[in-house]
Amino acid sequence: MQVIEVQFTPWDQSYYFKPESQNGQPLAVKLGDQVIVETVLGVDLGRVILAGEMDMSAAGLDEVKPILRLTTPEDQLKLLELNKDNGDLLEECRGLIKKYQLAMKLVAVHKSFDDNRVTFAFIADGRVDFRELLKELIRHHKKSIRLQQLGVRDEAKIKGDTGPCGRPLCCRTHLKELGNVTTDMAKNQQIAHRGSDRLSGSCGRLKCCLRYEEDLYSKLSRGLPALGSRIKTKQGAGTVVGWHTLKGTVDVDLGQENERNIVEVAVK
């Protein structure tokens, strides 16, 4: 089935729609196009981030709605008009956060295309009781208000620029699912010794790119003897003290007592 994946903000989840009008007529929708769609929360404008065939049952999706239409130049002008005072909205909300002494960091705001809903995105270490803040925002704006908590990685996804590699951050270009990154991944790839400064990304957490080669390293390391284990070599018995996963070799200490005698041994 032909579907398109639409995202309304860089920090929110994406949604699937049919590339056709409500009367069933197919529409020429391509990657990067902006479309007007109707969601359970109202009418909104989003960008197409994926277009192609999908097995809906395999993806666990029951029903996919058609889009309302492609955007027009008038829609673009309306979008600019809607967002012209976003800076003021953020400052106002930050003032209320300070008023209620809430431990949350406001990072973005989004207005729905029908101008009936305002979503404030924030970062916090744990759960935040923002009920009084929400009530005051609703009283003031007379609209539906959402306060959406994001993870610390999402701030880099919103505001980040260039990574230590010199390329745009993966989370801003193509990496939709950030997933978990653990120190075990750095250990498996023999780069844990580089230290947290070199292994951390712009968000201050472990770099997402550590996941890219994790499957390969995990597969190759299954045939290597465990660190600390005793194995026999042509030069004698010793203790495994290091791995060279891609080469398929290990470092073995053949030394006695306090002496060290490291040899590199291929693992068959």
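The values are calculated or read from the model by the stated rules, or taken from the named source; none is laboratory data. Everything quoted here is computed from the prediction, not taken from an experiment. Positions of Cβ are generated from backbone atoms using ideal geometry, with glycine treated the same way; all protein chains shown enter the neighbour counts.
Of the candidates Gly52, Gly60, the single residue that is modelled with pLDDT under 90, in a loop (DSSP other than H, G, I, E, B) and of a type outside the set (Asp, Glu) is Gly60.
Quick check on Leu89: is it on the phi < 0 side of the Ramachandran plot, in the same structural domain as Gln7 (by TED's automatic domain parsing) and either of a type in the set (Gly, Ala, Ser) or surrounded by 15 or more Cβ atoms within 10 Å (Cβ to Cβ) (or both)? Spelling it out, it is not the case that Leu89 is on the phi < 0 side of the Ramachandran plot, in the same structural domain as Gln7 (by TED's automatic domain parsing) and either of a type in the set (Gly, Ala, Ser) or surrounded by 15 or more Cβ atoms within 10 Å (Cβ to Cβ) (or both). Of all residues in the stretch 11-27 being part of a loop (DSSP other than H, G, I, E, B), among the polar types (S, T, N, Q) and touching a residue at least 40 places away in the same chain (Cβ under 8 Å), which is surrounded by the fewest Cβ atoms within 10 Å (Cβ to Cβ)? That would be Gln22.
Of the residues examined, Lys207 is one that is surrounded by 16 or more Cβ atoms within 10 Å (Cβ to Cβ) and over 25 Å from Asn86 (Cβ atoms).
Every listed requirement among (1) surrounded by fewer than 11 Cβ atoms within 10 Å (Cβ to Cβ); (2) at pLDDT 85 or above is met by Asp197 save one, (2).
Restricting attention to the stretch 152-182, the residues that are within 25 Å of Leu224 (Cβ to Cβ) and in contact with a strand residue (DSSP E or B) (Cβ under 7 Å, 6 or more places away or on another chain) total 1. The residue list Lys30, Lys78 contains one member that is basic (Lys, Arg), within 30 Å of Glu155 (Cα to Cα), without any contact (Cβ under 8 Å) to a residue 40 or more places away in the chain and assigned to a loop (DSSP other than H, G, I, E, B), which is Lys30.
For the stretch 37-53, a residue qualifies if it is buried (at least 17 other Cβ atoms within 10 Å of the Cβ) and closer than 14 Å to Asp12 by Cα, and the qualifying residues are Asp44, Leu45, Gly46, Arg47, Val48.
Scanning the stretch 110-144 for residues that are of a type in the set (A, V, I, L, M, F, W, C), closer than 17 Å to Asp88 by Cα and buried (at least 19 other Cβ atoms within 10 Å of the Cβ) yields a count of 6.
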